[in-house]
């Protein structure tokens, strides 16, 4: 099968929310039409073979994650609308920071009680996709459709903004994820033709970049989630359906779950790590959570595509707290899910 790459997107004419692989009945990602317009596809569908394999595995042979408790809650309505969560992050005080598709930042305790909320500075062009709390308490938001990062204090006051639309160092097209390393440098992933990772120092000065749009090792098709663990960056490469591991200088160290049918991923959208270094990945294309060790060995899966308990519908985000609770932004079902394995 010949794989096609779609790596160009004009942000001025692009969609308000990024397109995703269509879902077939039964929940697996369906094949895209044979010729999809470039203006609708920021690096989408290039790894069709991986998506098809991920949707056709023998689930009974896969290790399953036993779940001790499950809790679910919906987020506050906005007028007559019922917004969906699209990102979740556990902060320094074990608070849950949630982004929704109304354009709000919602802060919860671990029991799902809403503590406070605020709006993004702008949101008519599109909503942000990831949030992260830095060691100094700042909150960094990948303000995707405004091609920038926005930094807040813990009460929602805007402290600063970084970036503008473009392809030069320090500019972005659809920034989608953000994380900090042990030296207080931070990294921002982006897509839409700028499928790369940029590194900045604490003050926001550009340091380096790595990656480009493509299917080869070290290349990305929507690097939509990133986590820092023990001196390494783990990046979920959504439409190449794999995890790529880099050093802090951008050197590719290894590729996980790539070409391995027993550990195949289906559009992984986000990644988190617990204190033991185990990785939790949420899969947009399969409606499930997959757990790996740091070498990429599959430890178990939980969930399937759907709307019942134990199912997820196009989930976007995942986070892990200090007590090993796993939180999932179950976007298509318009709910948050808390799991204890």
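The values are calculated or read from the model by the stated rules, or taken from the named source; none is laboratory data. From a predicted model like this one, the values you see are computed outputs, not experimental measurements. In this analysis, Cβ positions are derived from the backbone assuming ideal geometry, glycine residues included, and neighbour counts consider all displayed protein chains.
Before moving on, here are some points about what is shown:
- All positions within the stretch 144-157 that are more than 14 Å from residue 204 (Cβ to Cβ) and either at pLDDT below 95 or in a strand (DSSP E or B) (or both): 152
- Just one of (1) surrounded by 15 or more Cβ atoms within 10 Å (Cβ to Cβ); (2) closer than 20 Å to residue 222 by Cα fails for residue 161. It is (2).
- Options 245, 282, 255; residue that is touching a strand residue (DSSP E or B) at 6+ places or on another chain (Cβ under 6 Å) and within 23 Å of residue 306 (Cα to Cα): 282
- Residue tally, condition in a loop (DSSP other than H, G, I, E, B), in contact (Cβ under 8 Å) with a residue 40 or more places away in the chain and within 27 Å of residue 88 (Cβ to Cβ), over the stretch 158-180: 2
- Once the stretch 220-257 is narrowed to residues that are closer than 16 Å to residue 268 by Cβ and outside any strand (DSSP E or B), the residue that is modelled with the lowest pLDDT is 257.
- Filtered residues of the stretch 71-106 (kept if free of Cβ contacts under 8 Å to residues at least 40 places away in the same chain, part of a strand (DSSP E or B) and surrounded by 15 or more Cβ atoms within 10 Å (Cβ to Cβ)): 100, 104, 106
- Selection within the stretch 167-183 - at positive phi and surrounded by 21 or more Cβ atoms within 10 Å (Cβ to Cβ): 174
- Taken over the stretch 215-249, residues that are under 19 Å from the mean Cα position of the chain (by Cα) and on the phi > 0 side of the Ramachandran plot amount to 3.
- Looking only at the stretch 184-201, and only at residues there that are touching a residue at least 60 places away in the same chain (Cβ under 8 Å) and either farther than 20 Å from residue 145 by Cβ or surrounded by 24 or more Cβ atoms within 10 Å (Cβ to Cβ) (or both), the one that is nearest to the chain's Cα centre (by Cα): 191
- Selection from the stretch 260-285 of residues that are within 16 Å of residue 339 (Cβ to Cβ) and touching a residue at least 40 places away in the same chain (Cβ under 8 Å): 270, 271, 272, 273, 274, 279, 280, 281, 282, 283
Results for (1) surrounded by 19 or more Cβ atoms within 10 Å (Cβ to Cβ); (2) at pLDDT 95 or above; (3) in a strand (DSSP E or B); (4) more than 16 Å from the chain's Cα centre (by Cα), shown as yes or no for each residue.
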| site | (1), (2), (3), (4) |
| --- | --- |
| 266 | yes, yes, no, no |
| 269 | yes, yes, yes, no |
| 280 | yes, yes, yes, no |
| 295 | no, no, no, yes |
| 299 | no, yes, yes, yes |
| 308 | no, yes, no, yes |
| 314 | yes, yes, no, no |
| 319 | yes, yes, yes, no |
| 328 | yes, yes, yes, no |
